[in-house]
Amino acid sequence: MPNSKNEVWDLVFDFCELTLKKSQFASMHELNFSKFKFRFKSNENKVSIFDEIRKKFIILQPEEWVRQHCVQFLIQQKKYPKSLINVEKELKVNGLTKRYDIVVFNPDGSIHLIVECKSYKIKINQTTFDQIARYNLSLNASYLMVTNGINHYYCMMDFKNERYEFLKDIPNYTSLPNEDEQ
């Protein structure tokens with residue numbers, strides 16, 4: 001691994017490999033996702049991870065670690081095109097400016113999925129679901145996902161009855177209607 005002041009690494013996440021820089025990665029936890037390849041950069045003892053959607057390095061914090069795994073899960077396992085994924089943008093909820101973690105759009109521009117990411121240190125509870133439900137009042141997504149990297153919860157919105165129904169998983173992009181509009 002490079003060891004200059006501005007280090008950049010391409011790694012497949014594996015705790016055996018990352019223990020080489022244990023002091024910099026000690027706070028990162030193994031998550032309940034497949035292993036994905038990430039690019040890392042170190043600058044003045046701060047490690048950053050490359051975000052494929054925002055196309056820039058982001059300081060590696062526990063929530064960012066979960067968010068980047070979730071982005072890769074959506075791209076590599078669920079086959080959502082990068083062009084339909086948006087990360088960390090602002091929205092207005094009841095006059096307040098909030099920031100969502102991940103949104104996946106349908107090809108027609110409507111919102112398919114909202115993802116709320118929490119640090120693996122945070123327990124997911126009703127407050128977390130209330131937060132994503134408030135966001136969805138403005139966004140009207142068909143599906144919701146809440147994850148702390150360890151536990152993943154998936155919901156499908158039932159707008160008619162104003163509730164959400166828990167699912168075992170979210171649909172793959174290829175199983176959605178309008179897949180020919182990619």
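Every read-out reported here was derived from the displayed coordinates using simple, explicitly stated rules and does not represent laboratory data. Every value quoted in this text rests on a predicted model; they were computed, and no experiment measured them. Note that we place each Cβ from the backbone using ideal geometry, even for glycine, and neighbour counts take in every protein chain shown.
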If you go through region 101-116 one residue at a time, do you hit one that is charged (D, E, K, R), under 30 Å from Asn43 (Cα atoms) and surrounded by 14 or more Cβ atoms within 10 Å (Cβ to Cβ)?
yes
Quick one: in region 61-85, which of the residues that are surrounded by fewer than 17 Cβ atoms within 10 Å (Cβ to Cβ) and of a type outside the set (D, E, K, R) is nearest to Phe40 (Cα to Cα)?
Gln61
In region 120-138, what count of residues is obtained for those that are out of contact with any Lys or Arg (no Cβ under 8 Å at 6 or more places or on another chain), of a type outside the set (A, V, I, L, M, F, W, C) and surrounded by 17 or more Cβ atoms within 10 Å (Cβ to Cβ)?
2
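Given the structure, is Lys79 touching a His at 6+ places or on another chain (Cβ under 9 Å) and assigned to a loop (DSSP other than H, G, I, E, B)?
On the way: touching a His at 6+ places or on another chain (Cβ under 9 Å): no; assigned to a loop (DSSP other than H, G, I, E, B): yes.
In short, no.
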Which one of these does Glu90 not meet: (1) in contact with a strand residue (DSSP E or B) (Cβ under 9 Å, 6 or more places away or on another chain); (2) within 16 Å of Glu63 (Cβ to Cβ); (3) surrounded by fewer than 20 Cβ atoms within 10 Å (Cβ to Cβ)?
(2)
